[in-house]
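Q: Starting off with a structure, shown below.
The values are calculated or read from the model by the stated rules, or taken from the named source; none is laboratory data. From a predicted model like this one, the values you see are computed outputs, not experimental measurements. Heads up, the Cβs are rebuilt from the backbone with ideal geometry, glycines too, and the neighbour counts pull from every protein chain shown.
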Amino acid sequence: MSKVVGYADAVELLGGGSPLVKSLDRALGGLLLAATGGGSELAISLFDGKAEAVRLGEWVITGLRDRTKGYGRYDRTQRLRAAHTIIAMAAFFAALDDIELPFEPRALALTADERRHVTGVEPAVRRLAEAEAPIPAPHLDHERLLADLRLWYASNANVLVDFAEGLAVWDDLDETRQAAARQAIRVALPAAACRRYEDLHRRLAVEMPEFALWTTDLRQRAMGTALARMDTVLDAVASGHGPGDMAATLVRAWRSALERPILSEGDVPGGLVIPALGEGYVDPDYRVRAIDTAGSPADESWWAHVPERRDLAEFLVSHLTTPAATEAPLLVLGQPGAGKSVLTRIVAARLDARHFLPVRVILRDVPAEAEIQDQIEAAVRAATGETVTWPGLVRGAGPALPVVLLDGFDELLQATGVAQSDYLNRVAAFQRREAELGRPVAVLVTSRTAVADRAGAPEGTVGIRLEPFREPHVRQWLATWNSANADGLRRRGLAELDAEVVLRQPGLAGQPLLLMMLALYDADTNALRAAGANLDESSLYERLLTAFARREVTKTHVTATGAQLAGLVELELLRLSVAAFGMFNRHRQWVTAQELDIDLEALMPSARAEPSGGFRQPLNQAEKLVGRFFFMQRGQATRDGARLHTYEFLHATFGEYLIARLIMRMLIELAEEEATAATAVFGPAGCRDGRLHALLSFAPLTNREPILAFVRELAAPGFPTGARRLPITLFQRLDERPTDQDVRGYQPVKAPGPDRYAAYDLNLLLLAVALNGEVRAGELFPGASDVALLWRRHALLWQATLSTTAWWAVVFTLQTRTAWQGERRDLVVVLDNETSTPPVEPYWLYRTHPEHPTRTTVTSWQHTRWDGIARQSNLVRDRVNETLMHAVEPLMRRIGDATTTFVVGDADTAHSIAAAISRFQIAALIGDDDENLARIAADAVHAVTRCWAPLVDPLVRDRGVLLVRELMPLLEGRVPDDIRDRWVILLSSAFGGRP
């Protein structure tokens, strides 16, 4: 098996012994096939080489189908690659007939004697012989290919110019004609070559059907639209070989899965029919792009400008027939429940054994630390019961191309941490080694999108991201579901599940496994339909989770009473909530089995591991919990012979709802305890908030936006007033909180005392605001003489202890509005994620309450030295403050006192002189409506003419006056002349200290 590197390789692979190729080689002085370093007696003639290269392109197209018969998948791909390089070069030479040259093409010839004395000629020809054209790829559109080809042709054109320069073919031309000749070759030739290429490209696609698969437009006409038709599509590119024994055995193993239900029978209620994998699978839409180092595939914005595509089957077949498939892995990304694993099952089952040797490796079931070859061999043994080495497996596949499907890379990352961060590079290294040894292999790797940036992607890696279901997908899936369950639903008097009902919940309907969850929920009593259109998200989650918990509890407690069942259901949901907090407090979307068991033991010590009743090791709490719910995904890896498990919710919002749910139930219980304590004989002692503190002292609730939204939904009318007010009470006495209530064994992450204090402090405030709509700082700090000062101290503590990301989440969730309680300043705290903020209020900043006499008697004031602000910023080095300082620094250095001197507009408004000047500058220079501009100009004139002395240096004052006066001409035609003239007089009289 030869790997095509350049034009010479391509020519030798497809026709090294043909008279046509020998003729072309002679025209190029023996440099095409011999690749000599010089010394050949042959002459070089690019004119003759041009003609032979064009004829070779025609010869390749018309006879390629016959010349590739009997070859295996990889060899056919390499010959297609060679054919493409040959037609691309043929188009380049043919295009010489399409442009005007100021010399005869025969001038591009060199005798053997001349060749020895002309430098630069052989290197130029050698560059053409070694060049390989950009090739089509299924993730690139045709326009991108043509753009790449134009650049390649431009490079070849430069070679041609160098060749002509070496022969001095235009030395007798004047400079104008020489420049025209170079321009024709460098500009017109690449464009003409692209036009010639497109014709040859279409003809090659007709001759070789699989070549059409490499190009998006042609592929859509050549293929079907579903993975279910993959085997039919591959018939069109059959090589004539029968399947090897091992390939056939593996495909039989994979194809048996098509007849089995998508979900195992133990996961569904009795009486329901789960559609088989083969009939129930729906191709999702996807996005595809090459993965580079410029961005992160885990970032939504990285995919934002990549169009959605609807030809997943076509793309996968196309990819497997291209050279890129054996050079780097294809990375398939998606959310939990998006169908990544199911996709690998479908692909493994549908691949034709005459062409491919599919090996599906479930990474959770093979040793994580093993080499990739060992992982493959372990997977083959698990699938077939046969022990076979990888080289033996490939030999047993005959001409079929091995396709390794590595399913669950994210599970390796989660279970083993950074130990597998180089896994994709190891995959690419494995592919390189196998290609060098004559065993080329294509590899597909699946992973959850969120961890895609935790491992480096080797050069050449292409990523596809599975997109959520749209309405057509949902309708197609439901049609299969309703058809499979039509008889059962009819016998039970239930209606089919309508798409309109499901589409009310787009967040769940968009993921295949969560769509299955909705269907299972509705199949009991048409519960989803009965809920109606006004069902809010929290109510839906409560019903879903409760229904599934009740179903699982009923399996093991068949004799329990209604009250007992309710208690057991609540216990299950409590465990799930602890799991959700375990993920949240560790700042990730999963938790390991060991971590979860430690958390459950610390928070729920009474729920011990239950005996297994046999020789198996008893299940711990984590294993029992996750084993009951299919909407929790279990990641698994094997390292050093031990099973490592991680757990996560198929939809992150499940966990976020459970966090909010547990918080609300704890608040109700603590409020009842608080009320009881208030009537105690020996005086109120307050509720014991140890568990609430444990859960809420490691991460701010703003880290997950839906949590507070769920809290607000759950705090509907009817929520107990005591529970609604309890976070305020706990916030007020946080400094006196007894630490003997703390849950010592709960330590999801290491956090110092101040960090935990700040997190709990902030979370109590967030809950208080979410539950009450708004909270006054005066309520949080009762009796304080200056609540604004205390608020600032708390805010600075949050900022100091949170990560930058967590702090910004708080900033864009909480907002404050200024208020007064009599003569004291106050703040109203609200949840507000709007980007706009209210303007600064100088009167509030400087404690001048609405009834303060200075509002009408003082025209200006200064409290802070402007250079003190600059020095404070320099000392603290806060990025936000430094950024603002950088913006206003030029103004401060020129008229520094203006930034800290305030002028009175009226009894309700005041502004700094710097603000008045800068606002006027911006309005006058950038533009504003005339009425607003007049008001702003009046404020600026008022500030610099009336309110400076004796607070500022006269020189600084004069600079301010000059700034405003220089802007006056911009008001012409926008402000009445008499008003503008009066302002100019005021400014002139104020300049120099005159009254």
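Q: What residue, of LEU535, LEU508, is in a helix (DSSP H, G or I) and either at negative phi or buried (at least 22 other Cβ atoms within 10 Å of the Cβ) (or both)?
A: On the way: LEU535 fails: in a helix (DSSP H, G or I).
On inspection, the qualifying residue turns out to be LEU508.
Q: When you go through ARG426, ARG439, ARG395, ARG433 one by one, which is the residue that is part of a loop (DSSP other than H, G, I, E, B) and surrounded by fewer than 21 Cβ atoms within 10 Å (Cβ to Cβ)? I'd like the intermediate steps shown before the answer.
A: Details: ARG426 fails: part of a loop (DSSP other than H, G, I, E, B); ARG395 fails: part of a loop (DSSP other than H, G, I, E, B); ARG433 fails: part of a loop (DSSP other than H, G, I, E, B).
After applying the criteria, what remains is ARG439.
Q: Assigned to a loop (DSSP other than H, G, I, E, B) and at pLDDT below 90, is that true of GLY266?
A: no
Q: Restricting attention to region 692-743, which residues are of a type in the set (Lys, Arg) and either modelled with pLDDT of 95 or more or within 13 Å of LEU831 (Cβ to Cβ) (or both)? Can you show your working first?
A: Initially, region 692-743 is screened for residues of a type in the set (Lys, Arg), giving 704, 712, 724-725, 733, 737.
Those that are of a type in the set (Lys, Arg) and either modelled with pLDDT of 95 or more or within 13 Å of LEU831 (Cβ to Cβ) (or both): ARG712, ARG724, ARG725.
Q: May I ask you to say which residue of LEU424, LEU401 is more than 20 Å from ALA313 (Cα to Cα) and either at pLDDT 90 or above or outside the structural domain of ALA593 (by TED's automatic domain parsing) (or both)? So that I can check it myself, show each step before the final result.
A: Details: LEU401 fails: more than 20 Å from ALA313 (Cα to Cα).
After applying the criteria, what remains is LEU424.
Q: May I pose another question? Among the residues of region 564-604, write down those that are among the small types (Gly, Ala, Ser) and touching a strand residue (DSSP E or B) at 6+ places or on another chain (Cβ under 8 Å). Outline the logic, then answer.
A: Filtering region 564-604 for residues among the small types (Gly, Ala, Ser) gives 566-567, 577, 579-580, 582, 593, 602.
ALA579, ALA580, GLY582, ALA593 - these are the residues of region 564-604 that are among the small types (Gly, Ala, Ser) and touching a strand residue (DSSP E or B) at 6+ places or on another chain (Cβ under 8 Å).
Q: Continuing with the same structure: Just give me the residues in region 354-392 being among the β-branched types (Val, Ile, Thr), in contact with a strand residue (DSSP E or B) (Cβ under 9 Å, 6 or more places away or on another chain), under 15 Å from ALA248 (Cβ atoms) and not in a strand (DSSP E or B), in sequence order. Steps first, answer last, please.
A: Initially, region 354-392 is screened for residues among the β-branched types (Val, Ile, Thr), giving 359, 361-362, 366, 372, 376, 380, 384, 387-389.
Those left that are additionally in contact with a strand residue (DSSP E or B) (Cβ under 9 Å, 6 or more places away or on another chain): 359, 361-362, 366, 372, 376, 380.
Right, trim to under 15 Å from ALA248 (Cβ atoms) and you get 359, 380.
The one that is among the β-branched types (Val, Ile, Thr), in contact with a strand residue (DSSP E or B) (Cβ under 9 Å, 6 or more places away or on another chain), under 15 Å from ALA248 (Cβ atoms) and not in a strand (DSSP E or B): VAL380.
Q: Return the only residue of PRO717, PRO700, PRO706 being touching a residue at least 12 places away in the same chain (Cβ under 8 Å) and either more than 33 Å from the chain's Cα centre (by Cα) or crowded, with 23+ Cβ neighbours inside 10 Å (or both).
A: Numbers: PRO717 fails: touching a residue at least 12 places away in the same chain (Cβ under 8 Å); PRO706 fails: either more than 33 Å from the chain's Cα centre (by Cα) or crowded, with 23+ Cβ neighbours inside 10 Å (or both).
Step by step, each of PRO717, PRO700, PRO706 is checked, and only PRO700 is touching a residue at least 12 places away in the same chain (Cβ under 8 Å) and either more than 33 Å from the chain's Cα centre (by Cα) or crowded, with 23+ Cβ neighbours inside 10 Å (or both).
Q: Within region 770-870, considering only strands (runs of 3 or more DSSP E) that don't extend past its boundaries, which have at least 3 residues that are of a type in the set (A, V, I, L, M) and either surrounded by fewer than 16 Cβ atoms within 10 Å (Cβ to Cβ) or at pLDDT 85 or above (or both)?
A: Details: elements: 774-776, 814-821, 824-831, 860-862.
Here the list reads 824-831.
Q: Checking the condition under 23 Å from LEU80 (Cα atoms) and surrounded by fewer than 20 Cβ atoms within 10 Å (Cβ to Cβ), which residue from GLU327, GLU371, GLU314, GLU386 passes? Can you show your working first?
A: Working: GLU371 fails: under 23 Å from LEU80 (Cα atoms); GLU314 fails: surrounded by fewer than 20 Cβ atoms within 10 Å (Cβ to Cβ); GLU386 fails: under 23 Å from LEU80 (Cα atoms).
Result: GLU327 is the single residue among GLU327, GLU371, GLU314, GLU386 that is under 23 Å from LEU80 (Cα atoms) and surrounded by fewer than 20 Cβ atoms within 10 Å (Cβ to Cβ).
Q: Then there's this: Whether any residue in region 891-900 is touching an Asp or Glu at 6+ places or on another chain (Cβ under 8 Å), under 17 Å from VAL975 (Cα atoms) and either outside the structural domain of LEU962 (by TED's automatic domain parsing) or in contact (Cβ under 8 Å) with a residue 24 or more places away in the chain (or both) is what I want to check. Spell out how you get there, then give the answer.
A: First, pick out the residues of region 891-900 that are touching an Asp or Glu at 6+ places or on another chain (Cβ under 8 Å): 896-897.
Those still in the list that are under 17 Å from VAL975 (Cα atoms) too: none.
Checked region 891-900: no residue is touching an Asp or Glu at 6+ places or on another chain (Cβ under 8 Å), under 17 Å from VAL975 (Cα atoms) and either outside the structural domain of LEU962 (by TED's automatic domain parsing) or in contact (Cβ under 8 Å) with a residue 24 or more places away in the chain (or both).
Q: Part of a strand (DSSP E or B), at pLDDT below 90 and of a type in the set (Gly, Ala, Ser): is that true of GLY683 in this structure? Walk me through it before giving the result.
A: Details: part of a strand (DSSP E or B): no; at pLDDT below 90: yes; of a type in the set (Gly, Ala, Ser): yes.
No, not satisfied.
Q: Of the residues ALA147, ALA133, which is loosely packed, with under 15 Cβ neighbours inside 10 Å, aliphatic (A, V, I, L, M) and not assigned by TED's automatic domain parsing to the domain that holds LEU312?
A: Going through ALA147, ALA133 in turn, just one is loosely packed, with under 15 Cβ neighbours inside 10 Å, aliphatic (A, V, I, L, M) and not assigned by TED's automatic domain parsing to the domain that holds LEU312: ALA147.
Q: Still on this model: So, THR461, is that one surrounded by 24 or more Cβ atoms within 10 Å (Cβ to Cβ) and of a type in the set (Ser, Thr, Tyr) or not? Can you show your working first?
A: Numbers: surrounded by 24 or more Cβ atoms within 10 Å (Cβ to Cβ): no; of a type in the set (Ser, Thr, Tyr): yes.
So THR461 does not fit the description; no.
Q: Related question: Is it true that some residue in region 10-31 is modelled with pLDDT under 70 and farther than 30 Å from HIS355 by Cβ?
A: no
Q: Please verify whether ARG756 is touching a residue at least 12 places away in the same chain (Cβ under 8 Å) and surrounded by fewer than 17 Cβ atoms within 10 Å (Cβ to Cβ), treating the condition exactly as stated. Steps first, please.
A: Working: touching a residue at least 12 places away in the same chain (Cβ under 8 Å): yes; surrounded by fewer than 17 Cβ atoms within 10 Å (Cβ to Cβ): no.
Spelling it out, it is not the case that ARG756 is touching a residue at least 12 places away in the same chain (Cβ under 8 Å) and surrounded by fewer than 17 Cβ atoms within 10 Å (Cβ to Cβ).
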